[in-house]
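One structure is given here, and the rest of the page talks about it.
The values are calculated or read from the model by the stated rules, or taken from the named source; none is laboratory data. These numbers come from a predicted model, not from an experiment. Methodologically, a virtual Cβ is constructed for each residue, glycine included, from the backbone with ideal geometry; neighbour enumeration extends over all protein chains shown.
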Amino acid sequence: MAENRENWGSKLGLILAMAGNAIGLGNFWRFPYQVAENGGGAFMLPYFAALLVLGIPLMYVEWMQGRYGGKYGHGTVGCMTYLQAKEKLGHSSAAIIGALVGMLVFSVTTLVNSYYTQIIGWTLGYSYLSLIGGYMDTARSTGEVFASYIQNPGMSITFWVIALALLAFALSRGVQKGIEAWAKIMMPLLYVLGFILIIRALTLGSPVNPDWSPIKGLDYLWSPKWNELNWQSALAAAGQIFFTLSLGMGIIQNYASYLKPDEDIVLSATTTVFLNEFAEVILGGSIAIPIAFTFLGPEGIESGVGLSFIALPNVFRMMPGGQFFGAFWFLVLFFAGFTSAIAMYNYLIAMLEEDLNLPRKAGAVIVFSFYILVGLPTALEPYLTKTAELVFLTELDNWVGNYFLVVVGLIEALVVGWLFGEKKALEELNRGGYWKVSSAFFNFMIKFITPLSIAILLVFSTRSYIKDGYFKWIPRFVENMPELVPWVQGARVLLFVILAIGFIEAYY
Ligand code: PHE
Ligand code: NA
């Protein structure tokens with residue numbers, strides 16, 4: 001059954017592909033603004049707690065589920081969950097759980113993709129802008145340049161479609177020649193350029209206010225603020241851990257399904273976490289935030305989803321060779337996002353391969369068209385509303401990036417901890433491993449602490465989501481932003497439609 005499945009070509013290729021999967025726009029685009037919106041130091045405490053209690057254990061769980069599924073020829077999470085839940089529950093109940101998870105994961109990858117690929121398009125467009133000097137003229141603020149970029153479909157839609165087409169091309173070449181080959185080139189390059197940019201960022205002086213320095217920006221990030229801790233920031237931190245490690249999306253399992261049945265899990269998974277966290281808190285945290293602080297001050301860093309695109313061009317304006325440096329930097333960001341989007345894209349292709357027996361090339365074309373359809377509302381919003389508010393994108397990201405991922409993670413921990421069973425789970429986790437997970441870790445962490453913390457988090461976040469009107473059809477924007485209401489509703493309609501499609505898929 002599993003004979004015709006591809007495997008990873010080499011250990012290095014596997015690690016870089018997994019790092020490419022995890023390291024993405026989450027590190028360089030999402031992390032800085034999540035930190036900024038949640039009070040800096042108040043965010044980092046729950047962030048590291050979530051890394052230890054949720055991130056690392058779930059990473060092991062997902063690698064294990066994936067390798068297990070791959071052995072049976074499956075690369076999608078619904079099937080994996082079914083196989084593991086069956087150990088305790090038998091066929092019919094396991095099928096229900098498998099279908100539920102399959103539906104959620106399908107929805108998550110699809111919806112994340114609908115806005116993630118937009119941002120990949122922005123990075124590509126901004127490389128181009130950098131090259132032609134599109135933001136070098138200081139008469140317009142970089143915020144205005146960004147707004148006019150996303151409101152101009154000739155730019156934003158064009159680069160988005162180019163990005164999607166390149167993804168389709170890369171994916172049609174398969175695991176080793178497609179996924180692995182891209183990661184091997186782009187990931188090392190990303191680290192090197194990240195370092196160069198950090199050095200530049202930390203040696204800047206503020207042209208605006210001598211009190212604003214890059215070091216103050218770092219201070220903002222690294223001073224713990226216990227009194228500002230709340231459930232909102234804890235949830236955002238946990239959501240960021242899920243997002244940045246690609247957890248709860250099915251794509252870690254999907255990549256792990258191409259492991260050989262006794263290839264190491266624990267050490268490789270830990271390495272992936274380490275590589276991602278380094279790229280996030282060190283590279284991601286030392287570039288955009290210090291630069292934003294230096295140029296825009298404490299208020300300015302709260303520019304939300306546009307942070308990376310508004311703050312960073314400021315530095316390229318002043319640097320010798322900034323045009324080329326900017327172009328190169330955005331291009332590298334593009335590849336970071338690209339190697340993550342490849343994983344998401346591959347998930348749907350694997351689904352088509354396995355459910356419908358479609359060849360990879362046909363799958364790539366179908367997924368391309370599907371993603372165009374689903375991403376169009378996000379792409380068109382700034383143009384149609386003539387604002388740069390991006391409420392549609394933000395609404396989707398709040399639901400998917402902070403909420404659904406966490407729900408999926410809870411189910412995974414419960415299935416592996418309680419239904420698959422200790423003996424089988426430990427055997428699967430540790431077979432062929434350079435490092436091993438102990439029975440104590442399994443019984444304490446994976447069975448109790450991890451799911452319990454997710455459950456508590458979910459209770460509180462659900463409460464705050466209810467309070468903020470997320471569950472209400474007439475949304476919280478009614479009072480102050482009437483013109484944006486249709487977009488929030490649109491985001492929710494899309495959410496329901498995709499969930500419904502996933503539901504049908506799960507019961508195919
Ligand atoms: N882990 C990715 C990141 O940090 C998130 C991601 C991966 C999102 C794949 C979508 C698809 O950017
Ligand atoms: Na990441």
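Structural remarks
- Close Cβ contacts (under 7 Å, 6 or more residues apart or on different chains) running from residues in region 279-302 that are at positive phi to residues that are at pLDDT 80 or above and surrounded by fewer than 24 Cβ atoms within 10 Å (Cβ to Cβ) comprise G297/N209; G297/W212.
- Failed criterion for F460 (all others in (1) buried (at least 20 other Cβ atoms within 10 Å of the Cβ); (2) farther than 26 Å from G78 by Cβ hold): (1)
- V273 meets each of the listed conditions (1) hydrophobic (A, V, I, L, M, F, W, C); (2) more than 14 Å from ligand 2 (Cβ to nearest atom); (3) buried (at least 20 other Cβ atoms within 10 Å of the Cβ) apart from (2).
- Residue tally, condition assigned to a helix (DSSP H, G or I) and free of Cβ contacts under 8 Å to residues at least 12 places away in the same chain, over region 189-205: 3
- All of (1) within 29 Å of N38 (Cα to Cα); (2) crowded, with 24+ Cβ neighbours inside 10 Å; (3) hydrophobic (A, V, I, L, M, F, W, C); (4) away from ligand 2 (no atom under 16 Å from the Cβ) hold for I349 with one exception: (1).
- Residues in region 441-470 that are over 19 Å from W399 (Cα atoms) and hydrophobic (A, V, I, L, M, F, W, C): F441, F442, F444, M445, I446, F448, I449, L452.
- For L267, the conditions (1) closer than 24 Å to N38 by Cα; (2) away from ligand 1 (no atom under 16 Å from the Cβ); (3) surrounded by fewer than 17 Cβ atoms within 10 Å (Cβ to Cβ); (4) of a type in the set (A, V, I, L, M) all hold with the exception of (1).
- A292 being away from ligand 1 (no atom under 16 Å from the Cβ), outside any loop (DSSP other than H, G, I, E, B), of a type in the set (A, V, I, L, M, F, W, C) and touching a Gly at 6+ places or on another chain (Cβ under 7 Å): yes
Per-residue answers, yes or no, for (1) surrounded by fewer than 24 Cβ atoms within 10 Å (Cβ to Cβ); (2) at pLDDT 90 or above:
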residue: L373; (1), (2): yes, yes
residue: K386; (1), (2): yes, no
residue: E412; (1), (2): no, yes
residue: A425; (1), (2): no, yes
residue: R431; (1), (2): yes, yes
residue: Y434; (1), (2): yes, yes
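- Residue match in region 256-263 (condition: part of a helix (DSSP H, G or I) and either more than 30 Å from K11 (Cα to Cα) or at pLDDT 90 or above (or both)): yes
- Summed over region 80-133, the residues that are under 18 Å from the mean Cα position of the chain (by Cα) and either small (G, A, S) or within 18 Å of D355 (Cβ to Cβ) (or both) give a count of 9.
- Verdict on V53 being more than 23 Å from D264 (Cβ to Cβ) and touching a Gly at 6+ places or on another chain (Cβ under 8 Å): no
- Residues in region 23-49 that are farther than 21 Å from N398 by Cβ and buried (at least 22 other Cβ atoms within 10 Å of the Cβ): I23 alone.
- Unmet criterion (only one of (1) more than 16 Å from ligand 2 (Cβ to nearest atom); (2) within 21 Å of L193 (Cβ to Cβ); (3) of a type in the set (F, W, Y)) for F335: (1)
- In region 244-255, the residues that are within 14 Å of ligand 2 (Cβ to nearest atom) and not in a helix (DSSP H, G or I): L245, S246, L247, G248, M249
- When N21, N27, N38 are checked against the criterion of being of a type outside the set (A, V, I, L, M), within 16 Å of ligand 2 (Cβ to nearest atom), in contact (Cβ under 8 Å) with a residue 60 or more places away in the chain and under 21 Å from S286 (Cα atoms), N27 stands alone in meeting it.
- Members of region 1-51 that are outside any loop (DSSP other than H, G, I, E, B), within 13 Å of ligand 1 (Cβ to nearest atom) and either at pLDDT 90 or above or on the phi > 0 side of the Ramachandran plot (or both): A17, M18, A19, G20, N21, A22, L25, G26, N27, F31
- Looking only at residues of region 90-134 that are away from ligand 1 (no atom under 16 Å from the Cβ) and β-branched (V, I, T), we find that the one that is surrounded by the fewest Cβ atoms within 10 Å (Cβ to Cβ) is I132.
- Verdict on A85 being touching a residue at least 12 places away in the same chain (Cβ under 8 Å), surrounded by fewer than 24 Cβ atoms within 10 Å (Cβ to Cβ) and either within 30 Å of L193 (Cα to Cα) or small (G, A, S) (or both): no
- Some residue of region 203-220 being in contact with a helix residue (DSSP H, G or I) (Cβ under 7 Å, 6 or more places away or on another chain) and modelled with pLDDT of 95 or more: no
- Region 226-243, residues that are part of a helix (DSSP H, G or I) and either at pLDDT below 85 or away from ligand 2 (no atom under 16 Å from the Cβ) (or both): W226, N227, E228, W231, Q232, S233, A234, L235
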